[in-house]
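In what follows, a single structure is set out as structure tokens and then discussed.
The values are calculated or read from the model by the stated rules, or taken from the named source; none is laboratory data. The structure displayed is predicted, hence computed values, not measured ones. Virtual Cβ from ideal backbone geometry, glycine too; neighbours counted across all protein chains shown.
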Amino acid sequence: MDGIGLISITIFFITVILVVVVLNLIQNMKNNKIKKRIDELEIEKNEIDSAPIMPELSKIEAFLKNEKLEVMYNEWQERLEIIKVSYIPKITEMILEAEYSLSQMDYKGTMYKIAKLELEIYKVRTTSEFLMDEIKEITTSEEKNRAIITKLKVTYRELFQKFSDARHEYGEIAKSISLQFENIAKRFEDFEKAMENNEYTEVTQIIKAIDEMLKHMDVVIEEIPAIVLLATSILPARIKEAEETYQKMVNSGYPLDYLNIEYNVSEANKKINDVMVRSRILNLEDSLFELKVLLDYFDSLFNDFEKERINRETYEEANEIFVKKFNKMNNLMTNIFSQIDDLKNVYNLSDEDMNLLVKIKEELKVLNDDHKTLIDHTGNNTFAYSKLTKEIEILVLKLANIEDRLDNSLDAISSMKEDEVRARQQLEEIKGLLKDSKAKIREYNLPIIPKVYFVELNEAQSAIMEIVKELDCKPITISVLNTRVDTARDLVLKLYTKTKEIMKTAMFAEMAIVYGNRYRSAIDGLDQSLVNSETLFFKGEYQKSLELTINTLNRVEPGIYNKLLKLYGNGKEIN
């Protein structure tokens, strides 16, 4: 037991030692990580402190030939002094404080101080870099500015050469452009003077001004020829042509007030003058766009003139066609109402039919008034032909609608007449078909005519009599007459078909019995079946007789039905 207790105590102490060692290792790692970050921040501080601001600043001493640059130089020295004397020592002190907190194992305080230190270093580094950029703006400005001004001179020469080669295209604006080129040349001279006097702050402004002037001149050289051509040649010619065309069309009776030509021409001339005034001082803002808009307007104006000519032709043609149809419609309506009583008595016209005709007559009267109003407007040049064309199209549509409705009404009346004539023709055809049916049934000497035949014959004859009665009625009710004709025709066709079926079946049944007689004495039982078939045949049951005969013979001679069809012609198929 003592040995076990000793082992337990030993394990306990070993465990404690291991825990302490691990914790120390973790602590050391944390300390090293924080210490490394503090060291990195100290390096960043040293980089800021060792920045070559002073050597760069010393270069400016050779340029101190004007008061303004001297003021800037003194200001930069003061700002550098603040960085060296105030900001850098403050950062050094903050680093020492962070290291002390770390040595006291105040990790929370250390991390807070490191965060403040990082922020301070960032602020000082930004201040230092900004100061360096300002100083370099001066120390490197000569080389940089010389390179920029060389490119600008190349651009200047190219623009001036382009202007000189086509000077005649710039018209009266050429003088203003020449003066502006002289102004730019003076700015180049100002640049040289500023460089000579080391006025680097002025140089930047001069370069910027030259660049903006050249960019403006680029636009001027590009757009002025088009502006001059449009404002002094193309648009005036277009305006003159538009005015002449307008006057000719007005004299020819075209109502063109809606186009406001005179006002728009006046405004266009004002706009052209305004563009030219602004162009003389090289103010081209929206000038080319405005002139193109004017040109588009006058181009569209000629399209409007052409449309008006076309609309006039269209209107006159449409009106001529309308008047012809209209007069025809008025005459037709007069004729219809002159014989309306006779039509009503003969064909039993309904109140609805009569009301429709009256309503069409009233609508036609309204259409007459509308057309008279349109003609009045045409004569006093109140509306453009484009509007008149739309109005005549509306009248044409109304007339077409009236025509359709009147045609439908007249078609109904004509249809009544045609139905009467057709009914009489069909009556004769139906009678002839009935006569043929009777003749066919007598062609074949049937032992008995089935009773159903006489039933259908009586129905057909009665239907024919109904047609005759309806044709004798005054007024004729066409719908009833058509029904009578359809009924009679269907019944007679049914009788005619029935007649052919009876005859065909009877003939085929008789042929089958005759064909079967050859087997009567040769095969037992066949004679009795044929006797039964003959009995059915003489009773008038031809279909049953045929079926019995075929079924009987089929036992003796399979396929007999098809064979008989070939021998005697096609007959009714038997199931």
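The condition (being over 42 Å from the mean Cα position of the chain (by Cα), hydroxyl-bearing (Ser, Thr, Tyr) and modelled with pLDDT under 90) is satisfied by just one residue among 200, 254: 200. Assigned to a helix (DSSP H, G or I), buried (at least 16 other Cβ atoms within 10 Å of the Cβ) and basic (Lys, Arg): does that describe residue 157? Against the criterion (assigned to a helix (DSSP H, G or I), buried (at least 16 other Cβ atoms within 10 Å of the Cβ) and basic (Lys, Arg)), residue 157 does not qualify. Criterion applied to 212, 262, 223 was being under 26 Å from residue 387 (Cα atoms) and in a helix (DSSP H, G or I), and the one residue passing it is 262.
Considering the conditions (1) modelled with pLDDT of 85 or more; (2) out of contact with any Leu (no Cβ under 9 Å at 6 or more places or on another chain), residue 136 is excluded by exactly one of them, (1).
Just to be sure before I move on: is residue 70 modelled with pLDDT of 80 or more and either farther than 21 Å from residue 131 by Cβ or surrounded by 10 or more Cβ atoms within 10 Å (Cβ to Cβ) (or both) in the structure I sent? When the stated conditions are applied, residue 70 does not pass them. Within the set of pairs 6+ apart or on separate chains, which have a first residue in region 165-176 that is closer than 11 Å to residue 228 by Cβ, a second that is part of a helix (DSSP H, G or I) and of a type in the set (S, T, N, Q), and C-beta atoms under 7 Å apart? So the pair list comes out as 171/232; 173/279.
Based on this model, can you work out whether residue 284 counts as in a helix (DSSP H, G or I) and either in the same structural domain as residue 212 (by TED's automatic domain parsing) or aliphatic (A, V, I, L, M) (or both)? No, not satisfied. Quick one: would you say residue 115 is of a type in the set (Gly, Ala, Ser) and either within 60 Å of the chain's Cα centre (by Cα) or at pLDDT 85 or above (or both)? So residue 115 passes the test.
Taking residue 125, is it among the basic types (Lys, Arg), part of a helix (DSSP H, G or I), touching a residue at least 40 places away in the same chain (Cβ under 8 Å) and surrounded by fewer than 19 Cβ atoms within 10 Å (Cβ to Cβ)? It would help to see each step written out before you state the result.
Details: among the basic types (Lys, Arg): yes; part of a helix (DSSP H, G or I): yes; touching a residue at least 40 places away in the same chain (Cβ under 8 Å): yes; surrounded by fewer than 19 Cβ atoms within 10 Å (Cβ to Cβ): yes.
In short, yes.
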